[in-house]
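The values are calculated or read from the model by the stated rules, or taken from the named source; none is laboratory data. Model, not experiment: these values are computed from the prediction. Virtual Cβ from ideal backbone geometry, glycine too; neighbours counted across all protein chains shown. Accessible surface is based on the protein model in full, side chains and every heavy atom, while ligands, DNA and RNA are left aside. Shrake-Rupley method; radii C 1.70, N 1.55, O 1.52, S 1.80 Å.
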Amino acid sequence: MVDKYNIESAETLANQAQGLPIAEATPIYEQLLQLFPTAAKFWKQYVEAHMAVNNDDAIKQIFSRCLLNCLQVPLWRCYIRFIRKVNDKKGAEGQEETRKAFDFMLNYVGTDIASGPVWMEYISFLKSLPAVHAQEESHRMTVVRKVYQRAIITPTHHIEQLWKDYENFENSVSRQLAKGLISEYQPQYNSARAVYRERKKYFDEIDWNMLAVPPTGSQKEEMQWMAWKRLLTFEKGNPQRIDTASSNKRVIFTYEQCLMYMYHYPDIWYDYATWHAKSGSIDAAIKVFQRSLKALTDSEMLRYAYAELEESRGAIQAAKKIHENLLGDGDNATALAHIQFIRFLRRTEGVEAARKYFLDARKSPTCTYHVYVAYASVAFCLDKDPKMAHNVFEAGLKRFMHEPVYILEYADFLTRLNDDQNIRALFERALSSLPLEDSVEVWKRFVKFEQTYGDLASMLKVEQRRKEAFGEDATAASESSLQDVVSRYSFMDLWPCASNDLDNLSRQEWLTKNMNKKVEKCIMLNGTALIDKGSIPSISTVPSKVVYPDTSKMLIYDPKHNPGTGAVTSGGTNAFDEILKATPPAVVAFLANLPAVDGPTPNVDIVLSICLQSDFPTGQSGKAGIPSQLPGGPAPATSDLSGSSKSHPVQSGLANKPTGRKQYGKRKELDRQEDDDTTTVQSQPLPQDAFRIRQYQKARATSTSQTGSVSYGSALSGDLSGSTG
């Protein structure tokens, strides 16, 4: 899709037009100005092209189209050059026309920060006027003095130069009179100069070569939008403390300049109109809204804002016309336009007018369920007619039974009526016809309804039906979970458990749903391995996608090298001690068992992220059980179960692969037994080649025949049992 507001293409066309004859350049300029009607630089190029061929009629027509909408000093100076050229040879009459043109120009752009040269040019023009009599000379000096006095209190780039010129002017006329006038205007000049310095900071942030394009969300556009907002706020604050009329004039000028660049921003138009309305100028606000609708013909926001303004001042017919324009021929009207017109008619013309239009609107092809809901709300809330509202909802149900949002709105209405029987009937009708993917919210509302209006049996029945509807088998659906209890016994923001309990329940629910998706997957919950016995692969079937650490960079911990030190006690600072005081005892005990590692410190967040995203392998052979760290304390040693005085291996590949930090404690205990000759093959590192794996399996088989078998039972129940062969 071609971007018609492409700035680079527009600049290229404008540059090409400058080198073409006026007949060929005119269509190009017209095309550009149709897209960028507030681009003062394009208007200036266009009019200068006609001035080069002395086409005065075309020049006047162009100025009439652009001057009042493009308050930019270079364009207006081009206008004054044309006026002076036209009136140069007309004598006194032409001079008067030129003077009026200067006054006209300064009335519009005289407050511009760049208007200093305009003031200087006007003063020079006035000084150049011939004065035959002393009375004419006195009148001319009076006019020049007034222009100077206006210029020196206007914050412009040339304010200091204008002040010096004014002092010289007054001293040249009368030194005695100059002293009094200069002392009178000195404070106002100082104020204007101070305001200029502040004002310049805001003007320097603005890109004065920017073209007005629809907002795209680019950073440059946003920066310009904020710069204009800051300048408008500054001008509205009346920093110079001038009279209200002059201050308002500056605000209007700033808004007009802003719209040259923010032409497609509806919020600027709206702010401008509402500022006029708050200032008491309703007619000016209406004109701004009318201009905005010409600039942004598709903006419904501005149309509704305009209609609201007309309605608020009692112009009902004008507001109605705006609403009718939004409706168009009716067939292309949006559902929102129908709804707002119904509400407007109810406010201004009464119940019957709104009801009559609703009957017509529901026949429109653009009528959606929103129109039915809106009119039912009007009938119930404004007309106090619940029967009519009920009939509207029932009529809409025939067309919009497939819309879950409509069902929920109807249910809310019946809830207000306390009509529990019809609510249940509505839910049953809707759930029997809605597809499963669209019925989620309806089921939730049905369950919520039963929790409020039903008894315990009906609550449980609806919850079971919802589970069955979403694919759970009858046995699982009949079982109640703790999440269901929390749902039933919570109220608003009150919960029957703590927030961390809610987090745990949510996590457990997710684990339950995903526990059996992969047969070989091992899910860790609170340090306990939840693994199906039949799902543990052998050593030879470890997935190849597992990423192992680079063991060449690891340091082996030896307690003899650094005895009695741990992560808690090594190099502690006062700040760390304060943290430990606030740490729970269980965490402190866990940290005390961590070894001190003289090596690079890993990034904990990265390690945890990798662990959470990895599928850890499990290895097992034979019929051995799985050791599990139970809440009641550490798992008993194998010797305690078998009755032997020696330590026997637990036949599981997991015993050699600690899967969490809790395994450090067991490792530390093993290191303390370096002199114990009871260390078995099981405690050695897992071999990596096939030959050693076979030796490893034979050694375990021999050990198993001597010690018997061990079963730790269920990792969830915590039951332990032991038997010896």
Quiz prompt | Which of 27, 43, 55, positive extreme of dipole for the stretch 10-59 (C-beta unit charges) | solution = 43
Practice problem: Determine the gain in length on full extension of the stretch residue 56-residue 243; use 0.36 nm per residue of separation and subtract their C-alpha separation, reporting nm with one decimal. | Solution: 63.3 nm
Practice problem: Just need the Rg to Rh number for the stretch 88-169, please, alpha carbons only, Kirkwood Rh. | Solution: 0.98
Quiz item: Rounded, prolate or oblate: which one fits the stretch 289-413, using the alpha carbon gyration tensor with axes a ≥ b ≥ c (rounded when a/c is under 1.5, else prolate when a/b beats b/c, else oblate)?
Solution: prolate
Quiz prompt | Extension gain from residue 9 to residue 581, taking 0.36 nm per residue of separation minus the Cα-Cα distance | solution = 199.1 nm
Self-check item: Coil-residue GluC sites (Glu not before Pro) of the stretch 341-407, DSSP, other Cβ within 10 Å capped at 15
Solution: 349
Exercise. List the pair-distance distribution P(r) of the stretch 1-153, using every Cα-Cα distance, as the percent of pairs falling in each 10 Å bin from 0 up to the bin containing the longest distance, rounded to whole percents.
Key: 10, 34, 29, 17, 7, 2, 0, 0
Quiz item: Taking the inverse of the average 1/r across all pairs of different Cα atoms in the stretch 202-252, what Kirkwood radius in Å do you get?
Solution: 12.3 Å
Practice problem: May I ask you to give the average projected area over all directions of the convex hull of the Cα atoms of the stretch 218-335, in nm² rounded to one decimal? | Solution: 8.7 nm²
Exercise. Mind giving me the nanometre distance, one decimal, between the label points for residue 498 and residue 168, set 7 Å out from Cα along Cα→Cβ?
Key: 8.3 nm
Quiz prompt | Total formal charge among the other residues, if their Cβ is under 11 angstrom from that of residue 282, Lys/Arg +1 and Asp/Glu -1 | solution = +1
Quiz item: Mind listing which trypsin sites (Lys or Arg not before Pro) in the stretch 73-127 are in a DSSP loop and have 11 or fewer other Cβ atoms within 10 Å?
Solution: 89
Quiz item: Which length gain, in nm to one decimal place, applies between residue 188 and residue 34 when the Cα-Cα distance is subtracted from 0.36 nm times their residue separation?
Solution: 51.1 nm
Self-check item: Relative pair counts by distance (%), Cα atoms of the stretch 133-187, 5 Å bins
Solution: 4, 19, 29, 25, 14, 6, 2, 0
Quiz item: Can you tell me the Rg and the Dmax, both Å, for the Cα atoms in the stretch 369-499?
Solution: 16.3, 51
Quiz item: So what's the stretch 106-253 giving for Cα Rg divided by 2.2 N^0.38 Å, two decimals?
Solution: 1.25
Quiz item: Ignoring ligands, DNA and RNA, how do 226, 492 rank by accessible area with a 1.4 Å probe, largest first?
Solution: 492, 226
Quiz prompt | Cα centroid separation - the stretch 395-448 against the stretch 241-276, whole Å | solution = 50 Å
Practice problem: Just read off the accessible area of residue 612 with the full protein assembly in place, 1.4 Å probe, to the nearest 10 Å². | Solution: 140 Å²
